[in-house]
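See structure below.
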Amino acid sequence: PWNSFYKSSMESYLLKDEYIGGLYGIEARYPFLDRFVVQEFLNLTAELKNLNYKSVLDEYLLANDYPFQKEVKLGF
């Protein structure tokens, strides 16, 4: 299934990312193209994956003492 991941749209996205990155002199990195990284994520339990809503933002806001309401989604 990896060769047709997302019905081969991945190649199209990568070409666009490479073009934009090259335009600004930025080397683009794609850690989620590594089969082993993706497979390890898929093997995680649902409880672990969903431990925090947007966990990266959650950790950043907590580390910087930014006031926010946990588990509250606003907007659309």
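Note on region 19-33: among residues that are modelled with pLDDT under 80 and assigned to a helix (DSSP H, G or I), the one that is surrounded by the fewest Cβ atoms within 10 Å (Cβ to Cβ) is Pro31. The one condition from (1) surrounded by 11 or more Cβ atoms within 10 Å (Cβ to Cβ); (2) out of contact with any Phe, Trp or Tyr (no Cβ under 8 Å at 6 or more places or on another chain); (3) modelled with pLDDT of 75 or more that Met10 does not meet is (3). Checking each residue in region 34-76 for being in a helix (DSSP H, G or I) and aliphatic (A, V, I, L, M) picks out Val37, Val38, Leu42, Ala46, Leu48, Val56, Leu57, Leu61, Leu62, Ala63.
Just a yes or no: is a residue in region 60-75 among the basic types (Lys, Arg) and surrounded by 10 or more Cβ atoms within 10 Å (Cβ to Cβ)? Within region 60-75, not a single residue is among the basic types (Lys, Arg) and surrounded by 10 or more Cβ atoms within 10 Å (Cβ to Cβ).
The values are calculated or read from the model by the stated rules, or taken from the named source; none is laboratory data. Quantities reported herein were computed from a predicted structural model and do not represent experimental measurements. Neighbour counts are summed over all protein chains in view; Cβ atoms, including those assigned to glycine, are modelled from backbone coordinates with ideal geometry.
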